[in-house]
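Step one of this worksheet: look at the structure below.
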Amino acid sequence: MSAEIGQLALILAFMLGLIQGAAPLLGAHRGDSVLMSLGRASALLQMAFVVLAFGALATAYVTMDFSVELVARHSHSTQPLPYRFAATWGSHEGSMLLWVLILALHGGAIAFFGRTLRETLQARVLAVQGMLSAAFLGFCLFTSNPFSRLSPIPLDGTELNPLLQDPGLVMHPPLLYLGYVGFSVAFSFAVAALIEGRVDAAWARWVRPWVLSAWISLTVGIALGSWWAYYELGWGGWWFWDPVENASLMPWLMGTALLHSALVLEKRGALISWTILLAILTFSLSMIGTFLVRSGVLTSVHAFAVDPERGAYILVFILIATGSALGLYAWRAPAMRTGALFSPLSREAGITLNNLFLLAATATVFLGTFYPVFIDVLSGDKISVGPPYYALTFAPLFVPLLALVAFGPMLNWKRDTVRAVLTRLRWPIIVTAVAAVIGVVVFGIADVGAALGIALGVWLIAAAFMLLARRWGIGRKGAETGRLIRTTPLAFWAVAVAHAGLGVTTIGVTAITAWTDSEVVTMVPGQTVEFAGRRITLDALGPATGPNYRADQARFRVEGRGQPFLMLSEKRFYPSSQTQTTEAGIRGEAMGNLYISVGESATLGAATVRLWWHPLVGWIWGGALIMALGGVLSLSDRRTRLAMPARKAAQARAAEAAA
């Protein structure tokens, strides 16, 4: 019965999406408050029905209702309960329902919390959200129905992809989708502003918290996905430039640019057209990520579907949504106020330059991701684009971007001087120079690139500390440092923490790129090998069992560099899906990870063992989480969270009515 309830709820939500996409838009055009209020009611009701539909599908998974085709294809009675629940979004149809759920939740939040917005602006934003919801709900109903029944009913299911039966994958997709779909709000605000022909600081104050929350979710989601790939795939890497990895990286890069651009618009009323364009492109890249995962045009371990027809639906929708928004932008943007002026050396100019680098970096990733598709369509040749391409194109753009990041917060708004900026940054410059010299001396000329990479990370961290030191008046005579520390706004802390996190990640990426050590050996029980200053002994090889798998387990004893410890690595086999996975043994330490992956048996009683030493690899994910913490601090600042207090909003509406 839950499937029929979910089906009916989706149909009603689709109809409400159509009403939400039309009624408030017409109401805003006519100045009709009744039609505009209908948009708010539609958004809230649509949210309730989508929540009901998602709950119905989750119930079918938890109760193992194998009469539902999706449950039978992606669940099994032996699966642990957490993975049965996570299977709700572990398929193409389920993941699209999760996408629609988050989209509906955002629409409901705009309707509920947006009461202080101008009524016409809220109505138009809700209308755009309604159009997006109707399109994706239609996609679910007509091409990817999650509630289709099976007859006859199978006795048991097939099983969720074993690679997805992992704690990291329970949270990774929801966080990614919170990021992807969160940018839809910025898109809706941008289109609504273009329809109105009006963008101001109040608009930016409303958009920035939504962009910030989406950016935080996407940052944590990407970090979780990278960590999952590191320990689950058994390949010993943290980033593979996989097309679907790129699909999440592109909106993150563009969203970072949008976040900073919205700050300039809020503080100075500048970069109006640029911010609108970034809002459109960021969500468009999020939808392109959806197309990549579901079209089958590119091969990936993350891909949910290989159905070109369903991919074509999404591609057509992307072209319509993005094309309409860009057409509206081309028509309206030239007539919109350009915003405040600023000198070539100012915080506004610094953020603009950073944005240009981010845009160029996004373009290189986009080209590397889709170039194989273009070649295949034009000539029929099959090619792949791997890490060497990105090393030659992405890295040369991102390195100067990292060097420029520290300058932005140290620049004054509107205008500044070179001498003043260098004076403020003199200590970070000195610390970075010392770090570079020490790195060259310790690591040698052969590793000068790695030494400079570490110095670049130190530069970002030192500049972040200097930003706080400047705020607190450290070293300034008569400064009330204690009071200044207590009164430092959370948003100010956020900038320093996020930039320091970027520095930590930079150091981690440099270390693992330059100094990774690896070895492949064939071992029998009792054999010992010397690796990375340790003695690694294969103690035993034998079978192991889990709730829904069998495994060949290797037990290792590691000695040297402290107390001895044991590590396990497994080759698992899932009978229901006839799938194998590798569970690597990982020993995390402050200075790096010892990583052991067992492969197929080379001979009877022996195993192929892959050993890695990954220096500072944990700093990569730790830095990402620190960046996300910076975002949380910014979002926690009342001035960011409360875009426009109700009293001021009421005064603004009264003044507008009087005019």
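So what is the calculated 222 nm ellipticity per residue for the chain, using -39500 (n - 2.57) for each DSSP H run with n of 4 or more, over all residues, to the nearest 500 deg cm²/dmol?
Working: 22 runs with 429 residues, N = 659.
So the helix-based figure for the chain works out to -22500 deg cm²/dmol.
The Rg/Rh ratio for the chain is 0.99, where Rg is the radius of gyration of the alpha carbons and Rh is the Kirkwood radius. As a rough guide to protection, the peptides 383-389, 352-358 ranked by mean Cβ packing within 10 Å, highest first, stand as 352-358, 383-389. With the convex hull drawn around the C-alpha atoms of the range 58-120, the volume per residue stands at 95 Å³.
Test of the criteria: in the range 374-441, which trypsin sites (Lys or Arg not before Pro) are in a DSSP loop and have at most 10 other Cβ atoms within 10 angstrom of their Cβ? Before the final figure, lay out each step's value.
On the way: sites: 382, 414, 415, 419, 424, 426; in loops: 382, 414, 415.
The qualifying sites are 382.
For a quick check: sort 235, 274, 89 by the number of other beta carbons within 10 angstrom, fewest at the front.
Values: 235 16, 274 22, 89 27.
Ranking 235, 274, 89 by Cβ neighbours within 10 Å, fewest first, gives 235, 274, 89.
Based on the Kirkwood radius over alpha-carbon pairs, what value in µm²/s does the Stokes-Einstein equation return for the translational diffusion coefficient of the range 368-479 at 20 °C and 1.002 mPa s?
Values: Rh = 17.2 Å.
For the chosen part, D equals 125 µm²/s.
Report the gain in length on full extension from residue 158 to residue 545: 0.36 nm times residue separation, minus Cα-Cα distance, nm rounded to one decimal.
Details: separation 387, 0.36 × 387 = 139.32 nm, distance 1.89 nm.
Working it through step by step, the gained length comes to 137.4 nm.
Cα-based radius of gyration for the range 80-194, normalised by 2.2 N^0.38 Å, reads 1.30.
Taking Lys and Arg as +1 and Asp and Glu as -1, the other residues whose beta-carbon sits under 12 Å from that of residue 77 total -2.
Remark on the range 425-483: ratio of C-alpha radius of gyration to 2.2 N^0.38 Å is 1.42.
Note on the range 569-629: Kirkwood radius taken over Cα pairs, Stokes-Einstein applied at 4 °C and 1.567 mPa s, translational D equal to 94 µm² s⁻¹. Across all Cα pairs in the range 143-268, the calculated P(r) in 10 Å bins from zero up to the longest distance comes to 11, 31, 25, 19, 10, 3, 0 percent per bin.
Charge tally around residue 411: other residues with Cβ under 11 Å, Lys/Arg +1 each, Asp/Glu -1 each, net +2. Here each label is just a point 7 Å from Cα along the line to Cβ, and for residue 487 and residue 67 those points are 6.8 nm apart.
Which semi-axes, in whole Å and largest first, does the equivalent ellipsoid of the range 1-165 have when worked out from the alpha carbon gyration tensor as the square roots of 5 times its eigenvalues?
Numbers: eigenvalues 253, 38, 24 Å².
Taking √(5λ) for each Cα gyration eigenvalue gives 36, 14, 11 Å.
For the range 517-618, the spherically averaged projection of the C-alpha convex hull amounts to 6.9 nm².
I need the calculated FRET efficiency for the pair residue 434 and residue 395, taking r as the beta carbon distance and R₀ as 25 Å, to the nearest 0.05.
Working: r = 24 Å, r/R0 = 0.98.
That gives a FRET efficiency of 0.55.
Between exposed GluC sites (Glu not before Pro) in the chain, where DSSP calls loop and at most 12 other Cβ atoms lie within 10 Å, what's the longest gap? Longest site-free region, per DSSP loop and neighbour criteria: 1-479.
Laboratory data are not the source of any read-out in this text; all were calculated from the coordinates shown. These numbers come from a predicted model, not from an experiment. Note that we place each Cβ from the backbone using ideal geometry, even for glycine, and neighbour counts take in every protein chain shown.
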